[in-house]
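The structure appears right after this line, and notes come after that.
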Amino acid sequence: MEKKDFIYEGKAKRLYTTEDPDLVIVEYKDSFTAFNGVKKATMGGKGELNNKISTKLFEYLASKGVESHFVRQLDDIHQLVKRVQIVPLEVIVRNITTGSLCKRLGVKEGMVLVRPMIEFSYKNDELGDPLINDDHAILLGWATEEEVAKIRAISIKVDEILKEYFAARGVTLVDFKLEFGKDSKGNLMLADEISPDTCRFWDSSTGDRLDKDRFRKDLGNVLGAYEEIWKKISA
Ligand code: UDP
């Protein structure tokens, strides 16, 4: 499958049409952004790492019955995916407190939650992806009540599957962000990517951060951490 026309450029990926109107090609870029695009950098090889990590995780989820837009990896930096319309919600799933949750609510970092906590943000860069609740999503027309219920159920299932998958590889899945899309027939499915850009991974024995927090907080060895995640899941 070949790229046809350029459709869209986001912070970490570019999208292209193909000869099939229901399929698009995602190109993973080498760019890092944080704090709503304020902090930026480029690191050679990052796109390739996220492409292969995301491929592996989407394939694993598919093997466990979780449908996503992912079709197949095409090469180092490209994936073939189903064309979907993205639901304008960022779904955050948390197992351990950290990040914006601690900042916003003044709770201490590292509390293990008794069950996964789900948060929704309205996906809007200009507004800085503000936190919203189910009623905002439903009553402002961003998702139907049924879609919100499905999004919650799928998100919890993804958490169960990936938490166990990573635990078996010595990695604690702290939190992550999911996005959902609808295909031309209106079928809701997981979309976007699942990678160290969108998840927080802590080394279970050392507590080392193996994700984008290394970039956000200038901890160094950013790509080394992404490599480490790849090594653990490809072994
Ligand atoms: N996240 C993301 N994109 C966003 C916001 C958050 O992928 O625009 C991920 C982030 O990497 C982390 C989780 O969602 O794994 C929770 O992030 P949090 O709300 O704590 O926000 P942050 O501290 O990153 O601002």
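The values are calculated or read from the model by the stated rules, or taken from the named source; none is laboratory data. These numbers were taken from a predicted model, which means no experiment stands behind them. Don't worry about glycine lacking a Cβ; one is built from the backbone with ideal geometry, like all the others, and counts go over all protein chains shown. To get the accessible areas, we keep the full protein, side chains included, count just its heavy atoms, and leave off ligands, DNA and RNA. Shrake-Rupley method; radii C 1.70, N 1.55, O 1.52, S 1.80 Å.
Checking Arg200 against (1) away from the ligand (no atom under 13 Å from the Cβ); (2) of a type in the set (D, E, K, R); (3) assigned to a strand (DSSP E or B), only one condition comes out false. Which one?
It fails just one condition, (1).
Within segment 178-201, work out how many residues are closer than 14 Å to Ser68 by Cβ and charged (D, E, K, R).
Going through segment 178-201 one residue at a time, the tally reaches 5.
How many of the residues making up segment 16-55 are closer than 22 Å to Gln85 by Cα, assigned to a strand (DSSP E or B) and open to solvent by 50 Å² or more (accessible area, probe 1.4 Å)?
Result for segment 16-55: 0.
Determine if segment 219-232 includes at least one residue that is open to solvent by 50 Å² or more (accessible area, probe 1.4 Å), assigned to a loop (DSSP other than H, G, I, E, B) and free of Cβ contacts under 8 Å to residues at least 24 places away in the same chain.
Yes, segment 219-232 contains at least one residue that is open to solvent by 50 Å² or more (accessible area, probe 1.4 Å), assigned to a loop (DSSP other than H, G, I, E, B) and free of Cβ contacts under 8 Å to residues at least 24 places away in the same chain.
Among the candidates Leu80, Leu113, Leu162, Leu89, which residue alone is open to solvent by less than 20 Å² (accessible area, probe 1.4 Å), modelled with pLDDT of 95 or more, more than 19 Å from Ala34 (Cα to Cα) and touching a Ser or Thr at 6+ places or on another chain (Cβ under 9 Å)?
Sole residue among the options that is open to solvent by less than 20 Å² (accessible area, probe 1.4 Å), modelled with pLDDT of 95 or more, more than 19 Å from Ala34 (Cα to Cα) and touching a Ser or Thr at 6+ places or on another chain (Cβ under 9 Å): Leu80.
Between a first residue in segment 193-208 that is touching a residue at least 12 places away in the same chain (Cβ under 8 Å) and of a type in the set (A, V, I, L, M) and a second residue that is open to solvent by 30 Å² or more (accessible area, probe 1.4 Å) and near the ligand (Cβ under 9 Å from one of its atoms), which pairs have beta carbons less than 6 Å apart while being 6 or more apart in sequence or on different chains?
none
Name the residue that is surrounded by the fewest Cβ atoms within 10 Å (Cβ to Cβ), counting only residues in segment 145-159 that are among the β-branched types (Val, Ile, Thr) and under 17 Å from Gly65 (Cβ atoms).
If we take residues in segment 145-159 being among the β-branched types (Val, Ile, Thr) and under 17 Å from Gly65 (Cβ atoms), then Ile156 is surrounded by the fewest Cβ atoms within 10 Å (Cβ to Cβ).
Give me the residue from segment 205-218 that is among the basic types (Lys, Arg) and assigned to a loop (DSSP other than H, G, I, E, B) and, out of that set, surrounded by the most Cβ atoms within 10 Å (Cβ to Cβ).
This residue is Lys212.
Return the residue satisfying two criteria in turn: it lies in segment 165-200 and is polar (S, T, N, Q) and open to solvent by 10 Å² or more (accessible area, probe 1.4 Å), and of such residues it is nearest to Glu27 (Cα to Cα).
The qualifying residue nearest to Glu27 (Cα to Cα) is Thr198.
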